[in-house]
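To keep things clear, I will list the structure first and then write my remarks on it.
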Amino acid sequence: MKSGLTVNKTRATKVFLSAFLILIATITVYAFLILKHDPSFVDLNERLLPMSWQHPFGTDHLGRDMLTRILLGFQLTVGYGFVALLLAVAIGVPMGVIAGFKGGLVDRLLMRVADAFLAFPDTVVAIVLSGLLGAGIENLLFAIILVKWVNYARLARSTVVAERQKDYITMAKINGLSEWRIMWKHLFPHLIGHILVLASLDLGKIILLISSLSYIGLGAQPPAPEWGAMLNEARPYFQTVPALMIYPGLAIVTVVLFSNLLGDYLRDKFDVKKEVAE
Amino acid sequence: MPLLQLNNVQKSYQQGNPVLTDINFTLDRQECVGIVGESGCGKSTLARCILQLERLDQGEILFEGTALQNKTEREIRPYRRQLQTVMQNPASSLNPKLKIRDSLMEPFRQYGAQVSLTHFQHGSEEQLARQLMDAVELSPDLLSRYPHELSGGQKQRISIARAISLEPALVVLDEPTSSLDVLTQMSILKLLDHLRDALDLSYLFISHDLMAIQALSQKILVMKQGQIVDRFEKVDLFADERHPYTQQLVSLFD
């Protein structure tokens, strides 16, 4: 019974993930081919239109094509989320590995900085930073990277600290490997699974952060078709044309759901059974 | 010139609390010296000092007549392939994320280009890997497995194969049989004995187990609280003039 359920769940996840990946690939490649409309073309004669062949998702309060804006918003929101995530990993992981491996003063210094960031909730720090730096998607990205690298540094450090005492590290030293080679050859394989799982779960959180800060006006600025910003623009029409909020809302939900499922899937795939078996 | 010579070696981790005091002994080529002592007597610290993983407080350790303790890690590196070790815990001496082949061939990949071996052909990595597996009586099929798929004894054989892969001058065996069951212990000891003859190796065999020590060693040193309290040839193990502590160990042995 139990195993049957698990198999079904895994299969459903796999189907969803593959479908979503195909969708992403299609949109990225064909966005410019399938889109017939300029995302910021304003036509006040065509405002708030319902679904039609011409405008499959209708038009918004300025007569802009909704489908075009949602799809380009995908590139914007997910694209920026991805960039922020990659940079946070690229900064955090090396910091954590070095701190964990070297220990001593370097370690204490890095980890106190990390603690300072962790003392505040992500959202609060991001709001304050992008508020201080001024509204705009670049500043928001900077704020997100500053908030997120800490998680990767801590994760990398704790893995490295657990592994560096093991005999195989001593053996690698006896076999003449330099510290950098030991980090790369012996410690990196331990990190990759953990990092991938955390990163795929984080992607959803970062996208939520971008959208919610854009919603309150601190991230992407109109007329950029960012989903959070679109939600904000659609607020006055919530009761008359709810579709304007439903489409970007659904888009956000789908992407965040995808990120969480991907995270779960990777966590099962990179399960630490190998070490548990010892 | 002896292969390894320790003169008046002192080591402490905390001031005023010496772990090793006044250790003197020599080890000749193709000799096996056994060091026996209870847990916490400083055996493993001694092994770490000889392997150049710790700095000495005083005294010197000469390896082939050269003192290594004041050299930098970079200067020590060429000596490391001559100075190998097999550690106590086979589970942690192999990286669980690497295939057996990658763990086994680590020394060869590091030094391969510079070495010339007399007993093994090392034309290709694969050729050497198969000969090493053969030498420790394991199937070459295991090369593409992960450590968790092997038994403790098999893992320890891999560790031994890795240690002997570049025909080192000295192998420090730090409790190599202690975490294995009795039958596996016997077969590992037999293997080590055979390899020493086949490859002209020298061993420094450290253990708390007098039975294992005397199976392999010609010379036996008894350590207690960081000092060598007794030293003798294996044939004199049961002689009456032994130190009281040695006699105590021997009585446990019956």
| Out of A:S40, A:S52, which single residue is hydroxyl-bearing (S, T, Y), outside any helix (DSSP H, G or I) and over 28 Å from A:A143 (Cα atoms)? | A:S52
| remark: Of the listed residues (B:S44, B:S92, B:S39), the one being free of Cβ contacts under 8 Å to residues at least 40 places away in the same chain, out of contact with any Leu (no Cβ under 9 Å at 6 or more places or on another chain) and either more than 14 Å from chain A (Cβ to nearest Cβ) or closer than 29 Å to B:L180 by Cβ (or both) is B:S92
| message | Looking at the stretch B:57-89 only, could you name the residues that are hydroxyl-bearing (S, T, Y) and either closer than 30 Å to A:G193 by Cβ or at the interface with chain A (Cβ under 8 Å from one of its Cβ atoms) (or both)? | response | B:T85
| request: Count, please, the residues in the stretch A:171-213 that happen to be part of a helix (DSSP H, G or I), within 12 Å of another protein chain (Cβ to nearest Cβ) and open to solvent by less than 40 Å² (accessible area, probe 1.4 Å). | output: 10
| Filter result for the condition that a residue is free of Cβ contacts under 8 Å to residues at least 24 places away in the same chain and among the aliphatic types (A, V, I, L, M), over B:V222, B:V172, B:V182 | B:V182
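Results for (1) β-branched (V, I, T); (2) open to solvent by 60 Å² or more (accessible area, probe 1.4 Å); (3) modelled with pLDDT under 90, shown as yes or no for each residue.
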site	(1), (2), (3)
B:D102	no, no, no
B:E106	no, no, no
B:H119	no, yes, yes
B:L128	no, no, no
B:Q131	no, no, no
B:P140	no, no, no
B:S144	no, yes, no
B:P147	no, no, no
B:G152	no, no, no
| remark: Within the stretch B:57-84, of all residues that are free of Cβ contacts under 8 Å to residues at least 40 places away in the same chain and among the polar types (S, T, N, Q), the one most open to solvent (accessible area, probe 1.4 Å) is B:N70
| said: B:D193 - would you say it is away from every other protein chain (no Cβ under 14 Å), touching a strand residue (DSSP E or B) at 6+ places or on another chain (Cβ under 9 Å) and of a type outside the set (A, V, I, L, M)? | reply: yes
| message | Testing A:V83 on (1) at pLDDT 90 or above; (2) in a loop (DSSP other than H, G, I, E, B), one condition comes back false. Which one is that? | response | (2)
| request: Sort out which residues of the stretch A:157-170 are open to solvent by less than 50 Å² (accessible area, probe 1.4 Å) and farther than 30 Å from B:Y111 by Cα, and write them in order of number. | output: none
| task | Considering each residue of the stretch B:210-249, count those that are in contact with a helix residue (DSSP H, G or I) (Cβ under 8 Å, 6 or more places away or on another chain), closer than 25 Å to B:L183 by Cα and crowded, with 16+ Cβ neighbours inside 10 Å, and give that number. | result | 10
| query | Restricting the stretch A:214-225 to residues that are surrounded by fewer than 17 Cβ atoms within 10 Å (Cβ to Cβ) and at pLDDT 85 or above, which is nearest to A:S40 (Cα to Cα)? | reply | A:G217
| task | Test each condition in (1) more than 9 Å from chain A (Cβ to nearest Cβ); (2) buried (at least 21 other Cβ atoms within 10 Å of the Cβ); (3) within 27 Å of B:D209 (Cα to Cα) for B:E54 and report the one that comes out false. | result | (2)
| request: Name every residue in the stretch B:3-27 that is in contact (Cβ under 8 Å) with a residue 60 or more places away in the chain and outside any strand (DSSP E or B), in order of residue number. | output: B:L3
| field | Check on B:D209, without any contact (Cβ under 8 Å) to a residue 12 or more places away in the chain and away from every other protein chain (no Cβ under 13 Å) | value | no
| task | Provide a single number: the residues in the stretch A:124-141 that are touching a helix residue (DSSP H, G or I) at 6+ places or on another chain (Cβ under 7 Å) and surrounded by 16 or more Cβ atoms within 10 Å (Cβ to Cβ). | result | 9
| field | Selection within the stretch B:153-203 - of a type in the set (D, E, K, R) and over 17 Å from B:M133 (Cα atoms) | value | B:D174, B:E175, B:D181, B:D197, B:D200
| note | Matching residues in the stretch A:39-51 (modelled with pLDDT of 75 or more and closer than 21 Å to A:A224 by Cβ) number 7
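The values are calculated or read from the model by the stated rules, or taken from the named source; none is laboratory data. For clarity, every value in this text was computed on a predicted model and none was experimentally measured. Quick reminder, even Gly has a Cβ in these numbers, built from the backbone with ideal geometry, and neighbours come from all protein chains shown. Side chains included, ligands, DNA and RNA excluded: accessible areas come from the protein's heavy atoms. Shrake-Rupley method; radii C 1.70, N 1.55, O 1.52, S 1.80 Å.
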